[in-house]
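Okay, so here's the structure we're looking at.
The values are calculated or read from the model by the stated rules, or taken from the named source; none is laboratory data. Remember, it's a predicted structure, so these values are computed and weren't measured experimentally. No Cβ is skipped: glycine too gets one built from the backbone with ideal geometry, and neighbour counts run over all protein chains shown. Note: areas computed on protein heavy atoms with side chains; ligands, DNA, RNA excluded. Shrake-Rupley method; radii C 1.70, N 1.55, O 1.52, S 1.80 Å.
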Amino acid sequence: NAERAVRSVVAKLTSGLPAAVEIAAGQDVYRREAAVYAFLGAEPPFATPRCYWSKAGTDGRSLNLVLEDLTGRTRAVNQVSGCTPDEALAVGAELARLHAAYWNDPRLGEADWLLDRQATASHAGEVQTAAAALFRERYQDRIAPDCLAAIDHFAANAEAAIRAVPPGHTLVHGEPRVDNILFEDTSDRPRAWLIDWQFADRGSPMFDLAYFLAGSLSVEDRRKVEAELIDRHCAAIAAVDPAYTSERAYAEFRSCLPIALHFSAGAVLAVPPGEAEDRLLCTLVERNVAALRDWGCLD
């Protein structure tokens, strides 16, 4: 009836940047995002906007999503400023709900729209080498030499790093940086809403957690909450699969960390220069490299 009618929606449409459209087509991100919302259905078991309509072009170059409007109840957080520890705990809780809900879901084995990260491994070195060169050209005067060296190192070892990402048993968001999360303030603590599903994959639950923590908080705040978030996440998965141990969770977290740097450095190929854009990419890389150093991935 009229009282229950949807009064506003959010439309997500094709990018206006030609380079972004070509990358979207090459990586099939529009078709994937439309398929994710169909997979989740009308009542997802975690916080993500309902989808009323989804359509992706057969050529992968167009997208039309009509989504639940969350603007009246949620707020965004600036990626450069980063989220707070309480907000990070909220993100961890929602990611855990996602991962536990779809643990060993048989439909994932039939979902041809999921990102096949292993299939991209053989081409990753070429892409990351090009990104490393452009990143150095743009930012060598505004970012620490050890960050540039880390980008070069992981570009040279991109295929190995991707192949080292542990296989997993659940649906993962694939890119849960804080720009892809909205926060709803409640009487207790914030609730996190996950949006932007263009890199959804079947993988380890630690993939999303490592990606999020490596770039979405200041280095100091990440260090404060990192262990607590991993432990809470492990407990949530162990509730549905007792074989998921703490040792496994920590090992998978470490193996997944390099992918955050791949995303951050690789974004330079699609993001045009600009003060805000430059600051974002440099901040992400600095945080990514600090996390890699903390976990002994640069030794």
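Which whole-Hz ³J(HN,Hα) couplings does the range 47-54 yield from phi under the Karplus relation 6.51 cos²θ - 1.76 cosθ + 1.60, θ = phi - 60°, glycine and proline marked x?
7, 8, x, 5, 10, 8, 7, 9
For the chain, what is the calculated [θ] at 222 nm in deg cm²/dmol (nearest 500), taking -39500 (n - 2.57) for each run of four or more DSSP H residues and dividing by its residue count?
Numbers: 10 runs with 149 residues, N = 299.
For the chain, the value works out to -16500 deg cm²/dmol.
Tell me the relative contact order for the range 1-89 as a rounded percent, counting alpha carbon contacts under 8 Å between residues six or more apart.
Numbers: 99 pairs, mean separation 28.8, N = 89.
Relative contact order for the range 1-89 comes out at 32 percent.
Taking a ≥ b ≥ c as the square roots of the eigenvalues of the Cα gyration tensor of the range 7-128, is the shape rounded (a/c under 1.5), prolate (a/b larger than b/c) or oblate? Show your work: numbers first, answer last.
On the way: a/c = 1.30, a/b = 1.22, b/c = 1.06.
The shape class here is rounded.
Would you work out if the range 218-271 is rounded, prolate or oblate? Take a ≥ b ≥ c from the square roots of the eigenvalues of the alpha-carbon gyration tensor; rounded if a/c is under 1.5, else prolate when a/b is larger than b/c, oblate otherwise.
Values: a/c = 3.03, a/b = 1.84, b/c = 1.64.
Judged from the Cα gyration tensor, the range 218-271 comes out prolate (a/c at least 1.5, a/b above b/c).
Quick one: order W295, W103 from most to least accessible surface, probe 1.4 Å.
Values: W295 50, W103 30 Å².
Result, largest first: W295, W103.
How would D188, D152, D86 line up by accessible area, probe 1.4 Å, largest first?
On the way: D188 130, D152 60, D86 80 Å².
Of D188, D152, D86, the descending order of accessible area is D188, D86, D152.
What relative contact order, as a whole-number percentage, does the chain give when Cα pairs under 8 Å and 6 or more residues apart are counted?
On the way: 479 pairs, mean separation 66.2, N = 299.
Taking the mean separation of contacting Cα pairs over the length of the chain, I get 22 percent.
Tell me which label goes with the value of Rg and Dmax of the Cα atoms in Å computed from the coordinates here: [x] 18.6, 62; [y] 23.8, 78; [z] 20.3, 61.
[x]
State the extension gain, in nm to one decimal, for the chain segment bounded by D294 and R107, taking 0.36 nm per residue of separation less the distance between their alpha-carbons. Mind showing how you got there, number by number?
Numbers: separation 187, 0.36 × 187 = 67.32 nm, distance 3.68 nm.
Taking 0.36 nm per residue and subtracting the Cα distance, the gain is 63.6 nm.
Which percent of the accessible heavy-atom area of the range 184-262 goes to carbon and sulfur, probe 1.4 angstrom? Could the numbers behind the result be given before it?
Numbers: 1480 of 2990 Å².
After summing per-atom areas, the C and S share lands at 50 percent.
Using the Cα centre of the chain as origin and beta-carbon charges of +1 (Lys, Arg) and -1 (Asp, Glu), tell me which of P44, L281, L182 is placed farthest towards the positive end of the dipole.
Looking along the dipole axis, the top candidate is P44.
Give the shape of the range 175-263 as rounded, prolate or oblate, defined through the alpha-carbon gyration tensor: a ≥ b ≥ c are the square roots of its eigenvalues, a/c under 1.5 means rounded, and otherwise the shape is prolate if a/b is larger than b/c and oblate if not. Write out the running numbers ahead of the final one.
Values: a/c = 1.38, a/b = 1.19, b/c = 1.17.
Here the range 175-263 falls in the rounded category.
When only Cα pairs under 8 Å and 6 or more residues apart are kept, what is the percent relative contact order across the range 194-299? Kindly include the intermediate steps, with their values, before the conclusion.
Working: 72 pairs, mean separation 36.9, N = 106.
Relative contact order comes out at 35 percent.
Enter the Cα centre distance for the pair the range 1-69 and the range 192-238, rounded to the nearest angstrom.
23 Å
What is the extension gain from A25 to A160, computed as 0.36 nm multiplied by their sequence separation minus the C-alpha to C-alpha distance, in nm to one decimal? Kindly include the intermediate steps, with their values, before the conclusion.
Numbers: separation 135, 0.36 × 135 = 48.60 nm, distance 2.51 nm.
46.1 nm is the gain from fully extending A25 to A160.
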